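Read through the structure below, which is laid out as structure tokens, and then see the notes.
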Amino acid sequence: MRRLLTLAAAILAVLPALSGAGRAQQSGGFSTTARNAILMDYESGSIIYQRAADELVAPASMSKLMTLAVLFKALKDGKVTLETEFQTSENAWRKGGAPSGTAAMFIPINNKTPISELIQGIAVQSGNDAAMTVAEGLAGSVENFAKMMEAEARRIGLEKSTFRNATGLPDPEHLMTARELAELARYIIKTYPDRYKVFSQRQFDYRKHKFYNRNPLLSANIGVDGMKTGHTSEAGYGMVVSSVSDGRRLIGVVMGFETEKERQSETRRMLEWGIKSVASAKLFDAGEAVGYARVWGGTDFYVPLAGDGDLEVILPKFPLNQKIRGEIVYEGPLKPPVRKGDHVAVFRVTSMVPGSSEPIAVSETPLYAENDVDEASFYWRGVDSLLHLGLAIMPDIRALLDRD
């Protein structure tokens, strides 16, 4: 009960910061014509806006971010260098190069190209031949490389995405969600900051060709410095974008537009809304207990939880009628030993509006154990097991009694 009261007080405290400042704005929040969309605060990972963000859909060339993530890891692990050359096969030339009629770097058949140029060909020009050349060079075949992409996705925590090629060209089993595209973008920025710079490169000269970055927002003067556009007839027009304004980086994903113009205008509008309409609010001071987690078989039944320093949430200020809910989420009961500083839970704050089937915004902050809890004696572990079992079946017993 104490935990619930603490959370309720915290949520009541945050409402003025998130809603009070919005009385001058009459728009009531943000909406988009994108089929799927998400806007993420880079630093915290908080979701500021989302729409059908967990639906698996065709990602088109935006999935080349995973192609590059696999390549960046190979570079980091020392398996290849920027000077390593990969040869473009007839398969890559025919299906992804000049004869394909798709976005291409126009690498000549059997030409050997250094990885440094292939990266630019993918990031700036979205060359399908460059992506296929990387896939065959690293894995021997596009099919084997797709398995590497999926394995890397699982390793970094993307649970839904499935890959069947290195390009994003149509395949019914090549699918991603807007959320996982945003998480992938965040991972690349955090893990490979030096490689990330290529996404803001405006021009790439290769042989007789001059390629200009396909991201139109790089020149929009709103802080955009990456990352990747995509388009197929099946997927529509989409974009993964990252921008920095007033020291805050936002990552946005939009998918399913019918026109390139709509993609550009809607993406810009979402970023500008995010820059103006996001607020952070402190809920708990450093070291202040946010709540308690149940510990089974420990010297204490519960362990207090706190954030790493002041606990803040980042949510949209608008709409005014949003309902904000806080909860502690963990897999429990915890098992001892629990050590002070262990990351054992998250504090999740969600914003809902009437009539919505999913939260419009979600802010999650890690929670850490504030005390040590050691393993109890064999006798007390047995007693605790009986208590835990009794609490677990109590609702069923009450239901039977009520029915009788």
Note to self: So Y237 passes all but one of these: (1) over 30 Å from I275 (Cβ atoms); (2) in contact with a strand residue (DSSP E or B) (Cβ under 9 Å, 6 or more places away or on another chain); (3) surrounded by 21 or more Cβ atoms within 10 Å (Cβ to Cβ). Which condition number does it fail?
What the structure shows: (1)
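Answer yes or no as to whether E117 is open to solvent by 20 Å² or more (accessible area, probe 1.4 Å) and under 31 Å from the mean Cα position of the chain (by Cα).
yes
Looking at A92, A60, A69, A104, can you tell me which residue is open to solvent by less than 10 Å² (accessible area, probe 1.4 Å), under 17 Å from the mean Cα position of the chain (by Cα), at pLDDT 95 or above and small (G, A, S)?
A69
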Next item on the list: Using the structure shown, decide if I328 is open to solvent by less than 80 Å² (accessible area, probe 1.4 Å), of a type in the set (V, I, T) and at pLDDT below 90.
Entry: no
Check: So which residues in segment 333-342 are open to solvent by less than 40 Å² (accessible area, probe 1.4 Å) and in a loop (DSSP other than H, G, I, E, B)?
Finding: P333, P336
Margin query: Looking at (1) at pLDDT 90 or above; (2) more than 17 Å from D285 (Cα to Cα); (3) over 25 Å from the mean Cα position of the chain (by Cα), which one does A345 not meet, given that it meets all the others?
Written below: (3)
Margin query: With the requirement that a residue be under 16 Å from the mean Cα position of the chain (by Cα) and free of Cβ contacts under 8 Å to residues at least 40 places away in the same chain, what does segment 230-257 give you?
Written below: V241, S243
Item checked: Every residue from segment 343-376 that is within 29 Å of P333 (Cβ to Cβ), free of Cβ contacts under 8 Å to residues at least 40 places away in the same chain and part of a loop (DSSP other than H, G, I, E, B) -> D372
Margin query: Can you tell me which condition D308 does not meet? The list is (1) out of contact with any Pro (no Cβ under 8 Å at 6 or more places or on another chain); (2) modelled with pLDDT of 90 or more; (3) outside any strand (DSSP E or B), and all the others hold.
Written below: (1)
Notebook entry, point to check: Looking at this structure, is V295 touching a residue at least 12 places away in the same chain (Cβ under 8 Å), among the β-branched types (V, I, T) and open to solvent by less than 20 Å² (accessible area, probe 1.4 Å)?
Noted result: yes
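The values are calculated or read from the model by the stated rules, or taken from the named source; none is laboratory data. None of the values given here were measured: they were computed from a predicted structure. As a convention, Cβ positions derive from the backbone with ideal geometry for all residues, glycine included, and neighbour counts pool all protein chains shown. These area figures cover heavy atoms from the full protein model, side chains too; ligands, DNA and RNA do not enter into them. Shrake-Rupley method; radii C 1.70, N 1.55, O 1.52, S 1.80 Å.
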